[in-house]
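Below: one structure, written as structure tokens.
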Amino acid sequence: MKKSQQLAVDTRPWRDTANNKPFVRIKNVTKKFGDVLAVHDVSLDIYRSELFCLLGGSGSGKSTLLRMLAGFEQPTSGTIEIDGQDMTEVPPYNRPVNMMFQSYALFPHMSVEQNIAYGLKRDNLGKGEISDRVAELLSLVKLQDYGRRKPHQLSGGQRQRVALARALAKRPKLLLLDEPLGALDKKLREETQFELVKIQESLGVTFIVVTHDQEEAMTLATRIGVMNLGEIAMVGEPTDIYEFPNSRFVAGFIGSANMVEGKVTEDEPGHVRIRSSELGCDIYVGHGVDCAPEQILWWAIRPEKMVLSREKPLTPHDANVTSGIVEEIAYLGDISLYQVALESGKRLRVSQTNSVRGNPDAITWDEKVYITWSDSSGSVLTV
Amino acid sequence: MRRGWFLPIAAALGFSFLYAPIVSLVIFSFNESRLVTVWSGFSTKWYGELFRDPQMLNAAWLSLQIGAVSATIALVLGTLAAVALVRFRRFRGRTLFSGMVSAPLVMPDVITGLSLLLLFVAMEGFLGWPQGRGMLTIILAHSTFCTAYVCVVVQSRLGDFDRSLEEAAMDLGASPLRTFFDITLPIIAPALVSGWLLGFTLSLDDLVIASFVSGPGSSTLPMVIFSKVRLGVSPDVNALATIIIGLVATGVLIATIIQLRSKPKKAKV
């Protein structure tokens, strides 16, 4: 089920946990605010030089987890280790960790230079050393000519870069970023995403990013931790999260997915057959699944993993094909999204690439179509 | 649309209602005549007269001292109260505390004055302090009600203060105390300045409370003026009033400018 490894193991230390020591260790951390359980028994290992994204909706506990790493909140129980040292009781001003705030939190009464120098001054560095470091950081974020400005004289994108420079000034071992791109408009956000990754790779600092934007997480992250209701729902590389979700929540939260309920009719080591009345056909899955005959489970498939056709295609095993009527078509330029109503009333969303320009023969409204997929396209979900 | 005549006239009437008495007072302070209501020519002799009157000068000096000291005490106490109210959202007796802090704002001066007088007398009986009544008791009394005003002003400023600024400073290695002096204080400074000026002005202005808690030989400026006026208005009081108006207006103006200049930055950042 795992895809082949294209990269050497040492660039992906999480794949070889026996030989790599995690850099950040979150062990059984729980945080309660009064009676409200914000973070529930989270354990997470993050490795050096990772760009780890905590992804979740509002109230999923991702920001609370980040604030506990920064030291602004104390875990109710559990421990946090950074670089082998227990940080649970260490106050924020003594941690080798810096944070970039969602609101940027630039000091309004200080110039850009003073903002960046603030942390260095707290370390009692020499004047010359501080000004060298500030100049270095200003050129890193391409704001050489803005050092004397006040934050209110900068645009949103420039402020974001000042905040990043200030957070990097002390060469933290670990940088925490709270919705780093949330306040930028779409175009600027896309440009900044790549810049952020470039900076992270060139400095080798470990980044932990909190975001609610899955596209952002997919672009930035080496690994993503999906959070739901204070718990980690799944941890994995972006492709794992998208292609091999471990639960209905993850499948539904990331991207869009068609999900149907079914009952196992054949359970062999090499394949599984699932009967779904919703789908009106059998699902033949070409690999073994940890399940039992007669078990009720769910099957999820992404819209782009299915094919539409007017004629009934030939499929092996008498499965993996169903039919319906096209109800809606959303033309998005590169792809078209079809909503097809099956006989059971279930609606499937299928996307097709518009590879022919202005195709006059394209499938249109109210047509009867067949939908088919390969035996490895869907994910079988038991929870 | 044609500009109506109604609005300018209404504005003129409103302003004259508010400021005509003050303007006439200022004009008559430059009157030559001994009679307050009869104009007989321009002169600054009453200003000269004023500065030769030791009673008046002593009272003015006392009032300035009291104003400065009580405004400073009120600034410290009021700021602490505001921090407690804004930063600690929930603690035992919060409602009571916030009510008590702002009570002097709505309490009639007579009651505040009387209750403080009773308190001071009782304290002298039990503790032997403060001995008698005079400058000290006036300062204590003024600090009490000025604290309420400072608290309100600072509270509103702290209310829209972005907490993450302080967190950012701590994250960069500043201890909580350092953070307070580097970040919190500079940002709420405008509110502190205007709070102090407000307290100073109110203390300078107070007659009723001071009358209750003052003792022999410690008459504040308003008390002296009031007792003089009761024996008939003399033109040097006009001169004095003009000076006070000038001082107060300058103070209020400075406070307003400081508040306004700090606003646009905050709105953007």
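Please work out the FRET efficiency for the pair A:ASP86 and A:ALA183, using the Cβ-Cβ distance as r and a Förster radius of 35 Å; give the result to the nearest 0.05.
Efficiency for this residue pair is about 0.55.
Sorting A:ARG273, A:ARG48, A:ARG310 by accessible area (1.4 Å probe), largest first, what list results?
Descending order: A:ARG48, A:ARG310, A:ARG273.
Efficiency by 1/(1 + (r/R0)^6): what FRET value for A:PHE33 and B:ALA20, r their Cβ-Cβ distance, R0 = 60 Å, to the nearest 0.05?
0.55
Along the Cα→Cβ direction, 7 angstrom out, place labels at A:THR11 and B:SER115. What is the inter-label distance in nm?
About 7.4 nm separates the two model spin labels.
Other chains near A:92-105: what is the mean number of their Cβ atoms within 10 Å of each residue's Cβ?
Per residue, the average neighbour count from other chains is 5.
Remind me, relative contact order of region B:71-243 in percent, using alpha carbon pairs under 8 angstrom and six or more residues apart?
35
Please check: in the Gaussian network model of chain B (C-alpha springs, under 10 Å), which one of B:LEU240, B:LEU172, B:LEU118 has the largest mean-square fluctuation.
Checking each option, the largest mean-square fluctuation is seen for B:LEU172.
Among B:TRP196, B:TRP5, what's the order by accessible area (1.4 angstrom probe), most exposed first?
Highest to lowest solvent-accessible surface, that is B:TRP5, B:TRP196.
Report the far tail of the P(r) of region A:293-383, meaning the percent of Cα-Cα pairs longer than 16 Å.
58
At a probe radius of 1.4 Å, figure out the A/B buried accessible area, summed over both chains, and give it in Å² to the nearest 100.
Separately minus together, A and B give about 2100 Å² buried.
So, for the protein assembly as shown, what is the accessible surface per residue at a probe of 1.4 Å, expressed in square angstrom?
Accessible area per residue: 51 Å².
How big is the charge dipole of chain B about its Cα centre, in debye rounded to the nearest 20, if each Lys and Arg gets +1 on its Cβ and each Asp and Glu gets -1 on its Cβ?
About 760 debye.
Report the full-extension gain for the segment B:ALA11 to B:ARG178: residue separation times 0.36 nm, less the Cα-Cα distance, to one decimal in nm.
55.1 nm
On the full set of protein chains, 1.4 Å probe, figure out the accessible area of A:SER344 and give it in Å² to the nearest 10.
About 70 Å², ignoring ligands and nucleic acids.
What is the ratio of the Cα radius of gyration of chain A to 2.2 N^0.38 Å, where N is its residue count, to two decimals?
1.18
Taking square-rooted eigenvalues a ≥ b ≥ c of the alpha carbon gyration tensor, is region A:182-317 rounded, prolate or oblate, where a/c under 1.5 means rounded and, failing that, a/b exceeding b/c means prolate?
Here region A:182-317 falls in the prolate category.
So which trypsin sites (Lys or Arg not before Pro) in region A:324-361 are both in a DSSP loop and have at most 10 other Cβ atoms within 10 Å of their Cβ?
Within region A:324-361, the qualifying trypsin sites (Lys or Arg not before Pro) (loop, at most 10 other Cβ atoms within 10 Å) are A:ARG357.
Probe radius 1.4 Å, ligands and nucleic acids ignored: give me the carbon and sulfur share of the accessible area of the protein assembly as shown as a rounded percent.
Answer for the protein assembly as shown is 59 percent, counting heavy atoms of protein chains only.
Average partner chain C-beta neighbours within 10 Å, per residue of B:155-167?
3
Using a 1.4 angstrom probe and counting only protein chains, how large is the accessible area of A:TYR146 in Å², to 10?
That residue has around 60 Å² of solvent-accessible surface.
Give the value in nm², to one decimal: projected area of the alpha carbon convex hull of region A:109-236, averaged over all directions.
8.8
What is the projected area of the convex hull of the Cα atoms of the protein assembly as shown, averaged over all directions, in nm²?
Orientation-averaged projected area of the Cα hull: 47.4 nm².
Relative to the longest principal axis of chain A, what angle (0 to 90°, nearest 10) does the C-alpha long axis of helix A:112-122 take?
70
Can you pull the mean other chain C-beta count within 10 Å for peptide A:33-40?
The shielding value for this peptide is 0.
If each Cα of region A:228-383 is one equal point scatterer, what is log10 of I(q)/I(0) from the Debye formula at q = 0.09, 0.16, 0.17, 0.21 Å⁻¹?
-0.31, -0.93, -1.03, -1.39
For the protein assembly as shown, what proportion of DSSP beta bridges, expressed in % and rounded to the nearest 5, is antiparallel?
Around 75 percent antiparallel, to the nearest 5.
Can you tell me the convex hull volume per residue for chain B, based on C-alpha atoms, in Å³ to the nearest whole number?
Spread over its residues, the Cα hull of chain B gives 205 Å³ apiece.
Taking chain A as the reference, fit the longest principal axis to its C-alpha atoms, fit the long axis of helix A:127-140 to the helix C-alpha atoms, and give the angle between the two in degrees, 0 to 90, nearest 10.
20
Compute, for A:ASP86, the solvent-accessible surface of its heavy atoms (probe 1.4 Å) with the complete set of protein chains present, and express it in square angstrom to the nearest 10.
Answer for A:ASP86: close to 90 Å² accessible.
What is the gain in length, in nm to one decimal, between B:VAL106 and B:ASP53 on full extension, counting 0.36 nm per residue of separation less the C-alpha to C-alpha distance?
15.4 nm
Per 0.36 nm of contour for each residue apart, how much would the distance between A:GLU266 and A:GLU201 grow if the chain were fully extended, relative to their Cα-Cα spacing?
Length difference between fully extended and current span is 18.6 nm.
Which order do you get for B:ILE139, A:ILE232 if you rank them by accessible area with a 1.4 Å probe, largest at the top?
Greatest to least solvent exposure: A:ILE232, B:ILE139.
If you line up the Cα atoms of region B:135-207 on their principal axes, what length do they span on each, largest first, in Å?
Ordered largest first, region B:135-207 gives principal extents of 50, 23, 14 Å.
For region A:249-297, run through the GluC sites (Glu not before Pro) and keep only the ones in DSSP coil with at most 11 other Cβ atoms within 10 Å of their Cβ.
In loop regions of region A:249-297 (DSSP not H, G, I, E or B), the sparsely surrounded GluC sites (Glu not before Pro) are A:GLU294.
Under DSSP H, which helices of chain B have Cα atoms covering 27 Å or more of the helix axis and a Kyte-Doolittle average no less than 0.0?
Long hydrophobic helices here: B:6-29, B:54-87, B:135-159, B:185-205, B:235-268.
Gaussian network model of chain B, Cα springs within a sub-10 Å range: biggest mean-square fluctuation belongs to which of B:GLY159, B:GLY125, B:GLY195?
B:GLY125
The values are calculated or read from the model by the stated rules, or taken from the named source; none is laboratory data. The structure presented is a predicted model; accordingly, all values stated were derived computationally and were not measured. Here Cβ is always computed from backbone atoms with ideal geometry, including for glycine, and neighbour counts include all displayed protein chains. For the accessible areas, the whole protein counts, side chains as well, though only heavy atoms, and no ligand, DNA or RNA atoms are used. Shrake-Rupley method; radii C 1.70, N 1.55, O 1.52, S 1.80 Å.
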